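Visitor: Encoded as structure tokens, here's the structure I'll be asking about.
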Amino acid sequence: MSPLPRVNIDEPKYDQNYYLGRAKHFFLLTNPLNVLASDSKLEEARQIVLRYRAGKDVPECKTIDDVWRAKYLYDSAFHPETGEKQIVIGRMAAQMPMNTIITGGMMAFYKTTPAVVFWQWCNQTFNAIVNYTNRSGTSPVSQQQLITSYCLATSGALVTALSLNRAVKNMNPLLGRLVPLVAVGAANCINIPCMRMQELRNGVTLFDEHNNEMGISKKAAVVGISTVILSRIAMAIPGMTLTPVLMNVLEKRGFLAKYPRSNAPIQTLFCGFVLLFATPLGCAFFKQRADIKVDSLESEVRDTIRKKRPDLETVWFNKGL
């Protein structure tokens, strides 16, 4: 058997300079079937990746496509910088199934205060786990910080949702159905920065084109976290806007009055279908290995890099997901 071709599996399979390439990359990375992989399968994928990186034989793989499949399974479960196995429900591959249940619940049961409290609590608990799991770098997060972030995001989402519910009570029913989206957007703006506060305080590691460490920047952390917030909101928008429109149409045509028990199942299934595409397409808005111009960094960081590499114009960092 001829040896497998050598490719750089530490770079994504598809060109990340173009949206289509990033979309293809994240469709593989966020594939919900990846969460069903057993520990033994994940360990097998990890060993394949480690051996292939080291230039050793990987007899389990007949073609380079087999190597790529192992790499994407590995990437779906292990942190790209620390290498630690991630919490199952915190993995990006779990976004679609978990958000299907939670978003469906928020959309279907948005009228009563107990329902709003329960589903917003579920959503922020899940978000806290996801934000911690997909943070950038090895920055430790204290227990106090976790609790503070969780409380701020949950209370922010609840205040937003309950206030808007009162405000739109006598307006078009469609506006009421959009309240959960606004609450989710507000909570993301609180939860993500709080969960990743260590990055904002200490900065993220910058690398050159050869993956050599060049410095640590707080400004890059701000840029990275801002793009993650936008991506998360973008992921939520399709399901939380198209679903209310669909349900409003069904309500006007009398379908929901005729089949009242179909309300929650229809919303949940439709949200799941939309999220299957919205999750990778939302992640693809920005490159995970983000770049930033050296000239736009903090002066002390810029000066340090200039001493090391006067010719270097751009540096890269992991923005997280």
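Visitor: So if I place +1 on the C-beta of Lys and Arg and -1 on the C-beta of Asp and Glu, and nothing else carries charge, what would the dipole magnitude of the stretch 203-320 be about its Cα centre? I want it in debye, nearest 20. Could you put the intermediate results ahead of the total?
Guide: Values: 16 positive and 11 negative charges, 126 e Å.
Using Cβ point charges on Lys, Arg, Asp and Glu, the stretch 203-320 gives about 600 debye.
Visitor: To the nearest 10 degrees, how steep is helix 64-77 against the longest Cα principal axis of the chain, on a 0 to 90 scale?
Guide: Value to nearest ten degrees: 60.
Visitor: Over the stretch 252-321, what is the mean sequence separation of C-alpha contacts under 8 Å (at least six apart), divided by residue count, expressed as relative contact order in percent? Can you show the working numbers first?
Guide: On the way: 36 pairs, mean separation 21.4, N = 70.
Relative contact order comes out at 31 percent.
Visitor: Which whole-number percentage describes the relative contact order of the chain, with Cα contacts under 8 Å and a sequence gap of 6 or more? Display every interim value, and only then the final one.
Guide: Values: 442 pairs, mean separation 63.4, N = 321.
The value is 20 percent.
Visitor: From the residues Q95, Q198, F27, which one has its Cα farthest along the dipole of the chain in the positive direction, the dipole being from +1 and -1 charges on Cβ of Lys/Arg and Asp/Glu about the Cα centre?
Guide: The listed residue farthest towards the positive side: Q95.
Visitor: Next up: Rounded to the nearest 20 debye, what is the charge dipole size of the chain about its Cα centre when +1 sits on each Lys and Arg Cβ and -1 on each Asp and Glu Cβ? Don't jump to the answer; show the numbers that get you there.
Guide: Values: 37 positive and 25 negative charges, 209 e Å.
With only Lys, Arg, Asp and Glu charged at Cβ, the dipole is about 1000 debye.
Visitor: With all protein chains present, calculate the accessible area of V35 using a 1.4 Å probe and round the result to the nearest 10 Å².
Guide: Taking all protein chains as shown, V35 has close to 40 Å².
Visitor: Would you mind checking K41/K62; K85/K293; K13/K319; K24/K85 for any pair whose Cα atoms are more than 28 angstrom apart? Mind dumping the intermediate values first?
Guide: Working: K41/K62 17 Å; K85/K293 32 Å; K13/K319 19 Å; K24/K85 23 Å.
Result: K85/K293 exceed 28 Å.
Visitor: Treating the angle as unsigned and between 0 and 90°, give the value, to the nearest 10°, between the Cα long axis of helix 95-108 and the longest Cα principal axis of the chain.
Guide: So the helix axis and the longest Cα principal axis differ by about 20 degrees.
Visitor: May I pose another question? Give me the dipole magnitude in Debye, nearest 20, for the stretch 55-117 about the Cα centre, with unit charges on the beta carbon: positive for Lys and Arg, negative for Asp and Glu.
Guide: With only Lys, Arg, Asp and Glu charged at Cβ, the dipole is about 280 debye.
Visitor: For the stretch 166-318, build the charge dipole from Cβ charges (+1 Lys, Arg; -1 Asp, Glu) around the Cα centre, then report which of A257, H210, F273 sits farthest towards its positive end.
Guide: A257
Visitor: Which whole-number percent is the relative contact order of the stretch 203-320 (Cα, under 8 Å, 6+ apart)? Please list the in-between numbers first.
Guide: Working: 132 pairs, mean separation 46.0, N = 118.
Relative contact order of the stretch 203-320: 39 percent.
Visitor: Taking the 0 to 90 degree range and rounding to the nearest ten, how far is the long axis of helix 179-195 tilted relative to the main principal axis of the chain, both from C-alpha atoms?
Guide: Roughly 30 degrees, rounded to the nearest 10.
The values are calculated or read from the model by the stated rules, or taken from the named source; none is laboratory data. A quick note: this is a predicted structure, and the numbers were derived from the prediction, not measured. Neighbour counts are summed over all protein chains in view; Cβ atoms, including those assigned to glycine, are modelled from backbone coordinates with ideal geometry. In case anyone asks, the SASA skips ligands and DNA or RNA and just uses the protein heavy atoms, side chains included. Shrake-Rupley method; radii C 1.70, N 1.55, O 1.52, S 1.80 Å.
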